[in-house]
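Student: Here it is, the structure in full.
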Amino acid sequence: MAVGDLILAGGLLFTMQDGEEPFFATLAINGGRVREIIPGSVEPGDLDCPPCATVRDARGLYVTPGFVDIHAHDEYEGGGDVVELSLLRQGVTTMLSGNCGSGPLFAD
């Protein structure tokens with residue numbers, strides 16, 4: 001049984017472990033953490049999951065950890081969350097901005 005509140009079924013998993021090739025797997029996520037990795041590509045309907053779980057068909061998609069951008073510039077963009085949404089679409093879930101000393105407070 002895939003135990004989790006979110007199940008990502010049958011995606012191509014990139015673990016980012018050194019030397020590990022991507023492989024097809026189903027991930028069971030509970031409370032925002034990966035709780036189980038089940039190798040192999042499966043039909044989402046073939047999974048034995050708790051009735052309260054949200055099951056997403058990830059076949060044909062890449063499943064990766066969140067990426068970190070350690071040097072971003074969003075301080076000049078006046079459009080709200082334009083830069084952040086762009087980064088999220090690229091898989092970046094954490095970014096560090098302003099670490100180069102430039103930006104709107106540079107004069108201060």
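Student: Does the range 17-36 contain any residue that is touching a helix residue (DSSP H, G or I) at 6+ places or on another chain (Cβ under 6 Å), among the aliphatic types (A, V, I, L, M), at pLDDT 90 or above and under 22 Å from Thr93 (Cβ atoms)?
Tutor: no
Student: Among the residues of the range 54-69, which ones are of a type outside the set (A, V, I, L, M) and open to solvent by less than 50 Å² (accessible area, probe 1.4 Å)?
Tutor: Residues satisfying the conditions are Gly66, Asp69.
Student: Here's something else I'd like to know. Could you list, in sequence order, the residues of the range 76-101 that are modelled with pLDDT under 80 and open to solvent by less than 50 Å² (accessible area, probe 1.4 Å)?
Tutor: Gly79, Ser97, Gly98, Gly101
Student: Hey, can you tell me all the residues within the range 18-53 that are closer than 12 Å to Ile7 by Cβ, open to solvent by less than 70 Å² (accessible area, probe 1.4 Å) and either of a type in the set (S, T, N, Q) or outside any loop (DSSP other than H, G, I, E, B) (or both)?
Tutor: Ala25, Thr26, Leu27, Ala28, Ile29, Asn30, Glu36, Ile38, Pro44, listed by residue number.
Student: Residues Val55, Val42, Val92: which one is of a type in the set (Val, Ile, Thr) and within 14 Å of the chain's Cα centre (by Cα)?
Tutor: Val92
The values are calculated or read from the model by the stated rules, or taken from the named source; none is laboratory data. None of these values were measured; they are calculated from a predicted model. Virtual Cβ from ideal backbone geometry, glycine too; neighbours counted across all protein chains shown. SASA here: full protein model, heavy atoms, side chains in, ligands and nucleic acids out. Shrake-Rupley method; radii C 1.70, N 1.55, O 1.52, S 1.80 Å.
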